[in-house]
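Everything below concerns the one structure shown next.
The values are calculated or read from the model by the stated rules, or taken from the named source; none is laboratory data. From a predicted model like this one, the values you see are computed outputs, not experimental measurements. Positions of Cβ are generated from backbone atoms using ideal geometry, with glycine treated the same way; all protein chains shown enter the neighbour counts.
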Amino acid sequence: MIKKCIVLSVLILLSVNYTLAQGNYGIIFPKTETERNNQCKNCFTAFQQKPKEVQFSIKREGLNLYFQVNDKKWFNQLFKTANDGIAIDVVSKDIYDCAIETIKTEQIKGTLLRPVFSSRLKKGLKSIDENTFRVLVGRVPTNLKDKDLEYNILFLNNKMLCRYQIIFDLKAYKWDLLDMGMYLDSISFKNEKVSNTEENFKVRYKTLKFKIPFEKNKSEYSPEDIKPVYDSLNLTDFNIKTINIKAYSSIEGSLERNIELQEQRASSIAKAIQSYQKPTIKTTITSSENWVEFLNDIEGTTYENLKELSKTQLKSKLIGAFSKEMESYLKNHRKAVITLELERKDTYRTKKPNELVELFNSSIKADKLDEAAQIQNSLFEKLKNKETSPDVLKRMEIPSQVKYINFLNNNSAIKYQLNERQIIIVRDELEALKKLDSKSPKVRYNLMALKIKIWRYNFEPVNDVKLKSEIYALKNFGIAKQLIERMMINYHIVNSENYMRKRDYASKDKSVSYINNAYKKIPLSDFDYFSLAQFLSYYANIEKSAELLTNRARSIDVDEDLLFYYLNLTLINEELTNTDEYRTIMLNAINLNKKRYCKLFNAIEDGGVTFQLLRNEYLRKSYCESCKD
């Protein structure tokens, strides 16, 4: 997924009366909200009319500080009169040091620099490239030059402080459609392979997930312990391609002993599973204490007050009689979550591509279609592993007859999966196959998935009304309702984008409303949650996006990128971050990637969101508890 940095700005409203103090360079701090509203009309108007594409920030070069903006017209609108200007508040991270008991709450958090007003701002504004302008607005005080610093902006109208701006540097991700997959033997998705239980297609790939509980202080597993689980998965026709094991201990006891137990548990499981298969299995093991489910499970119970304790305090409490009292909860937290990626055994694996093509063509001529299907799948596996060229598809002799429609469909589908730039060519091939067999559900589904993507990327004009009817018509060909609903969500995602371009906000809102109602009716992968959340945050609002992700963010098996995207959406929401539930989510992030979590609180210039998040008592407590070392 492509990532890019965007700068988000947060307005901190002035809710406290301030008086003019010596050292503030004549800046007027409003005594009342009415005074501020009367004096700041031009500033308010400029920000209300600011297009979302307009961005600004403070950039440092050596000791020089520059106000940088990508829209000169908006810059001139902001600074109209002689006493309109900006001043910089230079803030050092050490004011949030964990050793400091109480964080000061003054409006000016660091060292205030002398204001720069309209005339000097406009005169000094220089173009540094086609779409970027900047002007010198101050210098870093020499006594602060070696510290971790950030630069807040005071926007002045008639010398009055109208807006105090903290810059947040958050990661954003390009949103995409929900994955519709392509029909081969089964629906094959990019990020997870799913079988459609409503149709009798053989499944070539599976991803299976299950949990194994552990008894207290037990770590070793034998093959006999795993065998019932293994047998229940009916793996006789499958090899395990990868094992991902996430081992969890309950939270009582020493961290060192818990980590040791987790690693032993995970290794014993991997060893037991490997004993049933000769091909070596690629194994990934991670381990952590299960704080997330502990805090989730005591929510709403008589033990809920334990959430207020630090990790150290909780561990010191969970000993002796109280540990036994809490065992009914703790026993559920000792487990391993195991994900197996499977692939059907390939009896032709050792054959070379040229041999397989000859065997395939012979099987087709001899009408041995089951054998031909296995050979085709073996060739596809070699294509995916880049063991052969896509040109091999041209040498597969498949008669253009209804009898061979599945082979023809599979070749077109794999061609698109290998190279999405061939979307128009594959679309045309599928249109020809539809004429050959108008009743093939696979061909119909694949064709519709490509049409939606062609519409999404505006490769060709598409009649959206006709497209909608064709999506619903898939029901007549036995396509599962949930798959059709996924397509309809994508239909409304594309439509909402088109309505936004036309500034038809009422129609856009109707499409977004449809999406909000529809996604709850279908199963979503973490990839789907991720894409949908990004769409909602861009076209609807942050609250809807955060709401979508909240339950997943509190789940112990959540995808790391999804969880950190949720944090990006919500870290600046002080009402939300001041809750016990949010602490659970933060601990989840720490368990998944402590280094990545702690980095959020670095200075912007050091890759963080902003260290000024630490002014929030709950966030600072989490940071000092987990990151101070």
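If you check ASP97, ASP89, which single one turns out to be under 35 Å from the mean Cα position of the chain (by Cα) and more than 17 Å from ARG163 (Cβ to Cβ)?
Numbers: ASP89 fails: more than 17 Å from ARG163 (Cβ to Cβ).
After applying the criteria, what remains is ASP97.
Residue under question is GLU431, and the condition is that it be under 23 Å from SER412 (Cα atoms), in contact (Cβ under 8 Å) with a residue 12 or more places away in the chain and either touching a Gly at 6+ places or on another chain (Cβ under 6 Å) or not in a helix (DSSP H, G or I) (or both); does it hold? Spell out how you get there, then give the answer.
Numbers: under 23 Å from SER412 (Cα atoms): yes; in contact (Cβ under 8 Å) with a residue 12 or more places away in the chain: yes; either touching a Gly at 6+ places or on another chain (Cβ under 6 Å) or not in a helix (DSSP H, G or I) (or both): no.
No: the conditions fail for GLU431.
How about segment 267-326: which of its residues are surrounded by 14 or more Cβ atoms within 10 Å (Cβ to Cβ) and of a type in the set (Gly, Ala, Ser)?
SER267, SER268, ALA270, ALA272, SER287, SER288, SER323
Any idea which residue in segment 509-539 is nearest to ASP297 (Cα to Cα), counting only those that are among the aliphatic types (A, V, I, L, M) and crowded, with 19+ Cβ neighbours inside 10 Å?
Initially, segment 509-539 is screened for residues among the aliphatic types (A, V, I, L, M), giving 512, 515, 518, 522, 524, 532-533, 536.
So of that shortlist, the ones also crowded, with 19+ Cβ neighbours inside 10 Å come out as 512, 515, 532-533, 536.
Numbers: VAL512: 34, ILE515: 31, LEU532: 28, ALA533: 26, LEU536: 30 Å.
So, considering only residues that are among the aliphatic types (A, V, I, L, M) and crowded, with 19+ Cβ neighbours inside 10 Å, the one nearest to ASP297 (Cα to Cα) is ALA533.
From ALA603, ALA589, which residue is aliphatic (A, V, I, L, M), over 15 Å from the mean Cα position of the chain (by Cα) and at pLDDT 90 or above? Please lay out each step first, then the result.
Values: ALA589 fails: over 15 Å from the mean Cα position of the chain (by Cα).
Just a single option satisfies the conditions, and that option is ALA603.
Return the pair list, or none, for Cβ contacts closer than 6 Å from residues in segment 60-73 that are under 12 Å from ILE167 (Cβ atoms) to residues that are of a type outside the set (Asp, Glu), at least 6 apart or on different chains.
PHE67/VAL135; PHE67/VAL137; GLN68/SER57; GLN68/LYS59; GLN68/ARG134
Please specify each residue of segment 605-622 satisfying the condition of being crowded, with 22+ Cβ neighbours inside 10 Å and farther than 14 Å from ILE572 by Cα.
SER622
Can you tell which of LEU436, LEU430, LEU467 is at pLDDT 95 or above and under 31 Å from the mean Cα position of the chain (by Cα)?
Working: LEU436 fails: under 31 Å from the mean Cα position of the chain (by Cα); LEU430 fails: under 31 Å from the mean Cα position of the chain (by Cα).
The unique qualifying residue is LEU467.
How many residues, within segment 123-158, are part of a loop (DSSP other than H, G, I, E, B), farther than 15 Å from GLY62 by Cα and either at pLDDT 95 or above or out of contact with any helix residue (DSSP H, G or I) (no Cβ under 9 Å at 6 or more places or on another chain) (or both)? Step through it out loud before you land on a result.
So in segment 123-158, the residues part of a loop (DSSP other than H, G, I, E, B) come out as 125, 130-131, 140-141, 145-148, 158.
Restricting the remaining residues to those that are farther than 15 Å from GLY62 by Cα gives 125, 130-131, 158.
After this cut, where a residue has to be either at pLDDT 95 or above or out of contact with any helix residue (DSSP H, G or I) (no Cβ under 9 Å at 6 or more places or on another chain) (or both) as well, the list is 125, 130-131.
Selection size over segment 123-158: 3.
I'm checking my understanding of the structure. Among residues of segment 56-87 that are surrounded by fewer than 16 Cβ atoms within 10 Å (Cβ to Cβ) and among the hydrophobic types (A, V, I, L, M, F, W, C), which one is farthest from ASP606 (Cα to Cα)?
That would be ALA82.
Identify, from the list ASN244, ASN239, the residue that is closer than 15 Å to LEU340 by Cβ, at pLDDT 80 or above and outside any helix (DSSP H, G or I). Spell out the reasoning first.
Details: ASN239 fails: at pLDDT 80 or above.
Going through ASN244, ASN239 in turn, just one is closer than 15 Å to LEU340 by Cβ, at pLDDT 80 or above and outside any helix (DSSP H, G or I): ASN244.
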